[in-house]
Amino acid sequence: MDSYERFRQPITRSSGYDPIPPKPRLVAAKRRAAETGKRLTGQAAPAGARRLPPGQELVTDFPRLDLGTRPLLDAESWTLTWGGLCRSPGRVDWPGFNAFGPEESVTDIHCVTGWSRFDNRWRGISMSKLLNRAQPLTEATHVIFKGHDGYGTALSIADLRREDVLLATHWEGRPLARDHGGPVRLMVPHLYFWKSAKWVKQIWFTKGDPGGYWENRGYHHRGDPWKEERYG
Ligand SMILES: Nc1nc2c(c(=O)[nH]1)N[C@H]1C(S)=C(S)[C@@H](COP(=O)(O)O)O[C@H]1N2
Ligand SMILES: [Mo]
């Protein structure tokens, strides 16, 4: 079985994610944050009411956060595979991916660790275009994103259909840096940044929410910053 065939095997709730070298101290600190409700203010606000979500601080640098492995990928050999509960499973290489037609959007980042960064200019492929190509079946509700480092997170199809959700290839006019998930990362501006998977490799349609790396370690399954959906 080659890796594509292996990928086409169904992903179940318990076997959906690749093993990742353990980061015991990082995971312990994050679990502690979830248990103690770190940064919860009790001041949830409607999304339109304020630009900076409760408990967040504005930064101007661009921090890097991940599980410690930063895969070195070149666009020429990168591919994106999708499958699961969809009518048209498939795979594209770099030219095929860009043939979807890149778009730009300027959006804000909100990380659950407390920093927000306004006005990031992204360029990439609209997630809606990929959804239209894949044609999720009516029973599909969620999509798993797997990164080349083994990280995974799942989002609802409804959250991915928002027009500013991109599979980003550029940031501020330059190809996305390796440390920030290049050549392709997800960018979902209306949810906490852990949902924005870096080094995207595989996309899988599921019925129900399978969780992900942080969701299965005390973090919220949706992660709306204005509702303070940090943990849960
Ligand atoms: N593949 C992958 N994607 C990931 C992560 C990761 O460890 N691996 N970390 C997530 C978390 S917790 C955050 S806050 C953001 C950080 O992205 P940045 O390093 O570009 O700031 O990436 C998210 N996407
Ligand atoms: Mo994070």
(request) Could you check, for segment 125-139, whether at least one of its residues is outside any helix (DSSP H, G or I), within 15 Å of the chain's Cα centre (by Cα) and either under 26 Å from E228 (Cβ atoms) or modelled with pLDDT under 95 (or both)? (result) no
(request) Identify, by number, the condition in (1) touching a strand residue (DSSP E or B) at 6+ places or on another chain (Cβ under 6 Å); (2) within 17 Å of M187 (Cα to Cα) that Q135 doesn't meet. (result) (2)
(request) Output the residue which, of all residues in segment 142-197 that are within 16 Å of ligand 2 (Cβ to nearest atom) and charged (D, E, K, R), is surrounded by the most Cβ atoms within 10 Å (Cβ to Cβ). (result) K195
(message) Looking only at segment 189-232, count every residue that is part of a loop (DSSP other than H, G, I, E, B), within 10 Å of ligand 1 (Cβ to nearest atom) and at pLDDT 95 or above and tell me the total.
(response) 5
(request) Find the residue count for segment 167-184, including only residues that are within 16 Å of G147 (Cβ to Cβ) and in contact (Cβ under 8 Å) with a residue 24 or more places away in the chain. (result) 10
(request) Kindly indicate the residue of segment 109-129 that is surrounded by fewer than 20 Cβ atoms within 10 Å (Cβ to Cβ) and over 30 Å from P22 (Cα atoms) and also nearest to ligand 2 (Cβ to nearest atom) among those meeting that condition. (result) N120
(message) Give me the residue from segment 118-152 that is of a type in the set (A, V, I, L, M, F, W, C) and touching an Asp or Glu at 6+ places or on another chain (Cβ under 8 Å) and, out of that set, nearest to ligand 1 (Cβ to nearest atom).
(response) W122
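The values are calculated or read from the model by the stated rules, or taken from the named source; none is laboratory data. The model shown is predicted, which means the values in this text are computed figures rather than measured ones. Positions of Cβ are generated from backbone atoms using ideal geometry, with glycine treated the same way; all protein chains shown enter the neighbour counts.
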